[in-house]
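Peer 1: The following block contains the structure, expressed as structure tokens.
The values are calculated or read from the model by the stated rules, or taken from the named source; none is laboratory data. Since this is a predicted model, take the numbers as computed values, not measurements. Quick reminder, even Gly has a Cβ in these numbers, built from the backbone with ideal geometry, and neighbours come from all protein chains shown.
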Amino acid sequence: MLRIEGLDAGYGRAQVLRDVSLNVPMGGLITVLGPNGAGKSTLLRAISGTIKSRADRIEFEGAPLHGLPPHEIVRKGIVHVPEGRQIFPDLSVQENLRLGAIAAKLPSSRPEVEEFIYDTFPRIKERFNQPAGTLSGGEQQMLAFGRALMADPRVLLLDEPSMGLAPILVEQMLEVVRKLVKQRNLTVLLVEQNTRLAMKLADSVYVLENGAIAFSGTREQAQASSVIQDLYLGGSGHA
């Protein structure tokens, strides 16, 4: 379990998160909703150690995470796929994938994992030797997922994976995420602008507003909440 208690985080003097607490059970998909500027991306960055934060506790399976550098957090099994993909455009698809393994101090060549990734994303298999910068936006997102999987994650932090993608590709991409949760017993903490689809796939839901947790519960509880329906689902009933 990933446990966070009393998390404060921000940038310089600007405090974004205030006393945030979450319990993320292993094996499932948890989505974080909230308006722009609520602190959703900041939450993922604080967990992955890419920004400094203050917390009473950040633990993974009982071991403290708070204060560890990002590379050590990756090696413990928590991998962040940031907004904007951040692939290396001049390196090949395969080289980008293998960087994921290197970041986790695993052998760079992992044929079984690579084959699983290529089976999951056939389009990047066709382009494995191309510079990553020549891929389409959707293909780059597939590559970012694949690179994360090369690190053998137990928890995947996904920040706006649908950004800039066509709606049909968004649905395909998030269905792949759901499949990976089941096939590899992953835990996924998802920040996603496509609220309806994120709710459809989620096991549980957190809502951030003004840097604080405004709601936490199961998908069914979120769907039954009139406030969430009105603010995030257009008041039209179940997602």
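Peer 1: Within the range 47-90, restricting attention to residues that are free of Cβ contacts under 8 Å to residues at least 40 places away in the same chain and part of a helix (DSSP H, G or I), which residue is surrounded by the most Cβ atoms within 10 Å (Cβ to Cβ)?
Peer 2: Within the range 47-90, the match that is surrounded by the most Cβ atoms within 10 Å (Cβ to Cβ) is 73.
Peer 1: Would you say residue 191 is touching a helix residue (DSSP H, G or I) at 6+ places or on another chain (Cβ under 9 Å), modelled with pLDDT of 90 or more and not small (Gly, Ala, Ser)? Quick ask: steps written out before the conclusion?
Peer 2: Working: touching a helix residue (DSSP H, G or I) at 6+ places or on another chain (Cβ under 9 Å): yes; modelled with pLDDT of 90 or more: yes; not small (Gly, Ala, Ser): yes.
Yes.
Peer 1: Quick one: how many residues across the range 198-233 are over 10 Å from residue 33 (Cβ atoms) and in contact (Cβ under 8 Å) with a residue 40 or more places away in the chain?
Peer 2: At the first step, the residues of the range 198-233 found to be over 10 Å from residue 33 (Cβ atoms) are 200-201, 203-204, 210-213, 216-221, 223-227, 229-230.
Narrowing the set further to residues that are in contact (Cβ under 8 Å) with a residue 40 or more places away in the chain leaves 201, 203-204, 210-213, 216.
Number of matching residues: 8.
Peer 1: So, one more: Could you list, in sequence order, all residues of the range 195-234 that are charged (D, E, K, R) and in contact with a strand residue (DSSP E or B) (Cβ under 8 Å, 6 or more places away or on another chain)?
Peer 2: Applying the first criterion (charged (D, E, K, R)) to the range 195-234 yields 196, 200, 203, 209, 219-220, 230.
Listed by number, the residues that qualify are 203, 219.
Peer 1: Looking at (1) more than 18 Å from residue 207 (Cβ to Cβ); (2) modelled with pLDDT under 95; (3) in contact with a strand residue (DSSP E or B) (Cβ under 7 Å, 6 or more places away or on another chain), find the lone condition where residue 8 falls short.
Peer 2: That leaves (2) as the condition not met.
Peer 1: Which residue, of 31, 42, is within 21 Å of residue 188 (Cα to Cα), assigned by TED's automatic domain parsing to the domain that holds residue 197 and not in a helix (DSSP H, G or I)? Reasoning before the result, please.
Peer 2: Details: 42 fails: not in a helix (DSSP H, G or I).
One residue alone meets the criteria, 31.
Peer 1: Hey, another quick one. Tell me, which residue of the range 111-143 that is among the small types (Gly, Ala, Ser) and surrounded by fewer than 23 Cβ atoms within 10 Å (Cβ to Cβ) is farthest from residue 170 (Cα to Cα)? Walk me through how you get there before you give the answer.
Peer 2: Kept after step one, since they are among the small types (Gly, Ala, Ser), are these residues of the range 111-143: 132-133, 136-138.
If we keep only those that are surrounded by fewer than 23 Cβ atoms within 10 Å (Cβ to Cβ) as well, we get 133, 136-138.
Numbers: 133: 20, 136: 14, 137: 11, 138: 8 Å.
Once the filter is applied, the top-ranked residue is 133.
Peer 1: If you take the residues of the range 192-235 that are buried (at least 22 other Cβ atoms within 10 Å of the Cβ) and of a type in the set (Val, Ile, Thr), which of them is nearest to the chain's Cα centre (by Cα)?
Peer 2: 205
Peer 1: Regarding residue 27, is this residue surrounded by fewer than 22 Cβ atoms within 10 Å (Cβ to Cβ) and without any contact (Cβ under 8 Å) to a residue 24 or more places away in the chain?
Peer 2: Working: surrounded by fewer than 22 Cβ atoms within 10 Å (Cβ to Cβ): yes; without any contact (Cβ under 8 Å) to a residue 24 or more places away in the chain: no.
So residue 27 fails the test.
Peer 1: Looking only at residues that are within 18 Å of the chain's Cα centre (by Cα) and touching a residue at least 60 places away in the same chain (Cβ under 8 Å) in the range 1-16, which one is nearest to residue 70 (Cα to Cα)?
Peer 2: Among residues in the range 1-16 that are within 18 Å of the chain's Cα centre (by Cα) and touching a residue at least 60 places away in the same chain (Cβ under 8 Å), the one nearest to residue 70 (Cα to Cα) is 2.
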